[in-house]
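These notes are about the structure you will find just below.
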Amino acid sequence: MNPFGYNSIQLQEKANDIRQDIVTSLLAAGSGHSAGPLGMADIFTALYFNVANVDGKNIDDANRDRIVLSSGHICPVLYVTMAHAGYFPRKELQTLRKFGSRLQGHPHRESLPGLETTSGPLGSGLSQGVGMAYALRMNRSRARVWVVGSDGEHDEGNTWEAVMFAGKHRLHNITYIIDRNNIQIDGFTEDIMPLEPLRDKYEAFNWHVEDINGHNMDAIVNALEEARAIQEKPTCIIANTIPGKGVEFMEDMPEWHGKPPTKEESRKALAELRTLRGKISHSEAS
């Protein structure tokens, strides 16, 4: 059971706080990725503060859910969410990417307790998660595996091997959340290596597929909960997201894939995000 169980409004407010800490940690680092972490803040908030059975105070619980980040370059959102969830002090976020920091530029499992995998080379996370799900099922564990990956990772053959394996073995205890933001380091995904029809491809490999707005908190939670209810096949959630979400000058701009904000850009970003807090309402949650 999730120790927080936040409602929709609390989740929205927490996601907004997480976006602000993403900006400040990237500024302190002077390097890193901005667009992806901001775009996935809602997904990570829903997992750590509502749906997933994880607890920052009991990280070695054998019955915990496993959260695997495949697209390791968006790790600022993972680190910030974990800090807010009590895995380590929030002040440590200011050490992002610094020499000797536990918060490396890509997650390193042996550096930071609570990380399930080391991720850097793209396309490996789903295979790692599928292996975990297979082992958990063999051990009759009720724990689930939640893998977060990117649309650009589908350029890697390793991803499709995992898709086929999970479909064949009907691994209902794994959910793959795809950050469908339509950009990768060289530009737009559909220009570089078209993925559509993405939903049809997963369904052809015997996956249950949900296609959602990755910023609608109710839609996110409902899709994650539905994945828990599917018993006959693995679930893929295609989360349509806006890279740089919440910061207007970053949104949908591929150049923000791999650069941090300057001091002045951070000031503008934080002012915009802090203004959003007053706009969060119950009507927007529906």
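Just so it is clear, none of the values below were taken in a lab; they were calculated from the coordinates. On a predicted model such as this, the values are computed, not experimentally measured, just so you know. No Cβ is skipped: glycine too gets one built from the backbone with ideal geometry, and neighbour counts run over all protein chains shown.
For this structure, a couple of remarks:
- Loop-located chymotrypsin sites (Phe, Trp or Tyr not before Pro) across segment 1-102 with a Cβ neighbour count of 14 or fewer within 10 Å are 99, with loop assigned by DSSP.
- Above-threshold pairs, the threshold being 23 Å between Cα atoms, out of 201/259; 168/201; 98/259; 57/259: 201/259; 57/259
- Measuring between their Cα centroids, segment 1-21 and segment 241-266 lie 21 Å from each other.
- Note on the chain: helix-only mean residue ellipticity at 222 nm, from DSSP H runs of 4+ residues weighted -39500 (n - 2.57) and normalised by residue number, equals -11500 deg cm²/dmol.
- Furthest towards positive pole of dipole, 236, 3, 80, structure part the chain, Cβ charges: 3
- Taking amide H positions as modeled 1.01 Å from N, with prolines and chain starts lacking one, the residues under 5 Å from residue 236 and 5 or more places away or on another chain are 176, 208, 209, 210.
- Angle of helix 125-138 to the longest C-alpha principal axis of the chain, folded into 0 to 90 degrees and rounded to 10: 50°.
- Built amide H within the under 5 Å cut-off of residue 181, gap 5+: 151, 241
- Residue 7/residue 91 FRET efficiency (R0 30 Å; Cβ-Cβ; nearest 0.05): 0.60
- Principal axis dimensions, the chain - Cα atoms, whole angstrom, descending: 51, 44, 44
- Given R0 = 45 Å, the distance between the Cβ atoms of residue 169 and residue 191 translates into a calculated FRET efficiency of 0.85.
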